[in-house]
Structures are given as C-alpha cells and as structure tokens.
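Take a look at the structure below.
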Amino acid sequence: MTQDNIEHHPRVLVAQLGARRHYAVARALHGTGSLERLVTDACAELPPWKWLNRFIPDSWRPGPLARLLGRRVPDIPAEKIRGFPLFTLSPPWRPGRALPPTDFWARRNAAFGTLVVKKGFGAADTVYGYNGAALEIFERARREGRRTILDQTAAPWRWNKRLLEEERDRWPGWEEHPAEMDESGALSAREEREWTLADRIICGSAFAASALSEMGGPGGRCAVVPYPEPVSENDTRLPSVPRQRRAGDPLHVLFVGTLQLRKGIPYLLEAKRLLCGEPIIFRLVGPSLLSETIVGQLRREMELVGTVPRAQVARHYAWADVFVLPTLSEGSANVCYEAMAARLPVITTPNAGAGIVHGENGLLVPIRDPESIAMAISRIAHSTTSGERDVCPEPGFSGPGDGHFSQYSARLRQAMVQ
C-alpha cells in the first residue's frame, strides 16, 4: 500500500493491555472502517471469558472476575479480536520476587509487547499502542515499514515522579511509597524510547501534551483528541437527570477514583475542614493507596465506600449534587467525563484535562489549593438551593457534539492521518 493510501485509508492494529476507556480507540476505528485488529490480553468476547460470562451468575463472581468479565466490546466482531488467555491466567512474566509496582508493570508490558509481535500484524499498515506498553511493537513495526501511533494516556512517568516526590515531602505519612513513582526509571525509559519511534502521538488533553513537551518530548508530533462521553463495559446507565436537592438538604459531594497523593486527596480533606459546620456530605468511592492512619482520619470526616464494581458506580453519581476531582496529574480524567454524562457540575483542576468550561459545566481551581476548592463547593451549594443559574448553569458536555462518540471517531482518524 502506498503512503498516500495509508494516510487516507489506514488499516490499524490496536495493541491494548487492559480495557482502557472501554476500548474506545478500537471501537472508534472500527466505526470508521479502519480497524484491522484489536489485540488485547483478555476480552469478554473471547474464550474462556465468554463461556464464564454465560455460565457463572453475577452473584458468584468475585470482584476481579466481575471486572474481567465486564470487558465487553460487542460492537467489534469477535473475529477482529485477539487475546492471550494464558497471559492472564498463568502469566509467565510474574517475577519470583516482589518488585516495585512500576518495575512490575514494565516487565508485564514488555511481555505483552513480545506476544503481540509474535502474533504478527496481519494486513495492518499502522499500529496503535499505549505509552509504556508499545516499545517492542513499535520496534518491529518500524523495521517492517509500518506507521506507528502512540496514545499518551497521561503525563509522562518522569513528570509524575517529580510531582510525587514533591507531594511526599509536603504530606509525610500519607503515601510513603507512591505506587506510581517510577524510581528505577524502567517505565520512563520505555515511554521516552516510544516517543522517538512514534510517527504521531495522541494526547487526551492539552495538559498531557504540555507535560510531554516539558520533559523534552516531541511536542510537534502531538495531537490533542478529547475523549468522548463514556460507554461502560457493563452497560451501566449513568443518570441523565441529577438529584433534585431540596432546601435544607445537605450538599452531596462525590469523589470517584483511587485515594492517593496524585489525586489531591490531602487538599480535598483540607477543603472539607474549611467548610466545617456547613451541611455537606463528602463521599469517596475507590480503592486506597494511603496509609492506614490517614485512612482512619478520612473515615472520621468523610464517607469511604472503597472499591465498587463498575455496574454500581452509577448509583453514586445519582446520589451526588456535585463531583470533585482535585487532581494534580491526569491524561484526561475519565471520571470527569462520567460526571458530565450524569449531568453533574464538576469541580476539578486544569491538570484533569477533561474539557471543563469554567462557569458553564463546572469550576476550575488551581492545583494544591484547598481554599479554592472550598469556595467552589460553597458556590455550588448556595446555587443549588437558591435557584440561581449563574454557577454551572449547563452541567454536562460543553459545545455541540463534544460528547458524541461519532465526533471522537472523526477527530481521532483525522489526527492519525495528518
């Protein structure tokens, strides 16, 4: 195939470890007729997972199995999907000794890339991979003359390492060994080598692209493609009409995500304390990487729900009046998109990279600023009971078609062929 044909009619192999964004990239490319193949570790459309889905009742599925069997992508034909069951069931890449999480992930990613290369690229002229998990795939693709597209899912590992070092010094005792701090540099080295091999780099937000450039990455090859309205792998229906708060009701403030320094949890706690005496309930949904001492402090002042299956997240959005994510670093925070889909006003930082228009569908606050978080929560608390429409009058996606999947598909394809 000529270069002109590749640029206008690409045949793309997507190599994706996990079910990130509910396979949004592969689904988008399939919708435009450009998907050659989706290669992943495990998918509920393939055996043995599809058999387990058929015969194991929901009530018999422990959390990890429920999440695995929830990796559904029914709009892509099964014949276009390849998986590696043994990689998931009995992974040969597991080390004989404990490793720091980022070293463990680097080893897993390399093993996945090697399997993808052995499987081959078929008729694909373009391969699409994800930062930290594309190195082996891109090396082979470049040798074979195929085009390479890298999805930069978040700020670079080296950027986040610097951030987490600062946060650990600011908040001793909170998260002594941040799981996402790439101490050895193994993931950073993989990611930065992938930058050199990528013909194009897709970023979910301008923040992620800026952080890449700040670390010396090829900013000129980056394209920002905002993510679409989320589609759950469990067919979860997010509420389309927010809770109607009556006068005298406490404000319901929701956080969904991992409880960790990178998500700005210390600043959320400080904001809550600044609002002491106000009729406000804070609910935090998600796993924790924080110390037991800190979790105990949080539990005394907020509702801690813990990890919940994806199918149950919708009811927490239905409970909420406002969604808060005081994050310090994201690629493009999926939970903000979910909150927008649930028609909730969103309070977050510019580093969330989530398409919030200040004053319309949410409020943007500086990072590391509990006073601004508290002020934003207070503004929404008063507006939801007074009937004012000057604070976040249009929760949801901003602009015509911004949240539509068809719009995302078109933008992604255009960015890839430029």
The strands (runs of 3 or more DSSP E) lying wholly within the stretch 301-388 that contain at least 3 residues that are aliphatic (A, V, I, L, M) are 322-325
Looking across the stretch 19-51 at residues that are outside any loop (DSSP other than H, G, I, E, B) and small (Gly, Ala, Ser), the single one that is farthest from the chain's Cα centre (by Cα) is Gly31
Over the stretch 342-358, the set of residues surrounded by fewer than 24 Cβ atoms within 10 Å (Cβ to Cβ) and either under 15 Å from the mean Cα position of the chain (by Cα) or among the polar types (S, T, N, Q) (or both) is Gly355
Report task. Inspect the stretch 152-168 for any residue being in the same structural domain as Ala189 (by TED's automatic domain parsing), touching a strand residue (DSSP E or B) at 6+ places or on another chain (Cβ under 8 Å) and within 28 Å of Ala333 (Cβ to Cβ) and give the result as yes or no. Result -> yes
Of the candidates Glu139, Glu176, Glu167, Glu191, the one satisfying the condition of being modelled with pLDDT of 95 or more, of a type outside the set (Ser, Thr, Tyr) and farther than 27 Å from Tyr227 by Cβ is Glu139
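Among the candidates Leu304, Leu344, single out the residue that is in contact with a strand residue (DSSP E or B) (Cβ under 7 Å, 6 or more places away or on another chain) and at pLDDT below 95.
Working: Leu304 fails: at pLDDT below 95.
After applying the criteria, what remains is Leu344.
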**Asked** Going by the structure shown, is Gly96 modelled with pLDDT of 95 or more, in the same structural domain as Arg193 (by TED's automatic domain parsing) and in a loop (DSSP other than H, G, I, E, B)?
**Response** no
Among residues of the stretch 22-56 being polar (S, T, N, Q) and surrounded by fewer than 24 Cβ atoms within 10 Å (Cβ to Cβ), the residue nearest to Leu69 (Cα to Cα) is Asn53
Going through the stretch 297-313 in order, the residues found to be β-branched (Val, Ile, Thr) and closer than 15 Å to Pro62 by Cβ are Thr307, Val308
Across the stretch 70-86, the tally of residues that are in a helix (DSSP H, G or I) and in contact (Cβ under 8 Å) with a residue 12 or more places away in the chain stands at 3
*Can you find a residue in the stretch 53-69 that is over 24 Å from the mean Cα position of the chain (by Cα) and in contact (Cβ under 8 Å) with a residue 12 or more places away in the chain?*
yes
Within the stretch 277-311, the count of residues that are of a type outside the set (A, V, I, L, M, F, W, C) and free of Cβ contacts under 8 Å to residues at least 24 places away in the same chain comes to 7
Condition set assigned to a helix (DSSP H, G or I) and among the aliphatic types (A, V, I, L, M), scope the stretch 263-280, selection nearest to the chain's Cα centre (by Cα): answer is Ile265
Original post:
Looking at Ala339, is it touching a residue at least 24 places away in the same chain (Cβ under 8 Å), over 18 Å from Trp174 (Cα atoms), in contact with a His (Cβ under 9 Å, 6 or more places away or on another chain) and of a type in the set (A, V, I, L, M)?
Top reply: no
Per the list (1) out of contact with any helix residue (DSSP H, G or I) (no Cβ under 8 Å at 6 or more places or on another chain); (2) surrounded by fewer than 19 Cβ atoms within 10 Å (Cβ to Cβ), residue check on Glu301 breaks on (1)
Subset of the stretch 364-388, residues at pLDDT 95 or above, over 14 Å from Leu274 (Cβ atoms) and touching a strand residue (DSSP E or B) at 6+ places or on another chain (Cβ under 6 Å), comes to Leu364
For the stretch 108-138 the number of residues that are touching a residue at least 40 places away in the same chain (Cβ under 8 Å) and in a helix (DSSP H, G or I) is 10
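Can you list the helices (runs of 4 or more DSSP H) lying wholly within the stretch 139-224 that have 2 or more residues being surrounded by 24 or more Cβ atoms within 10 Å (Cβ to Cβ), of a type in the set (S, T, N, Q) and at negative phi?
none
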Filter the stretch 108-129 for residues that are buried (at least 16 other Cβ atoms within 10 Å of the Cβ) and either among the small types (Gly, Ala, Ser) or modelled with pLDDT under 95 (or both); the one that is nearest to Ile202 (Cα to Cα) is Gly129
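The values are calculated or read from the model by the stated rules, or taken from the named source; none is laboratory data. Predicted, not measured: the structure shown is a model, and the values here were computed from it. No Cβ is skipped: glycine too gets one built from the backbone with ideal geometry, and neighbour counts run over all protein chains shown.
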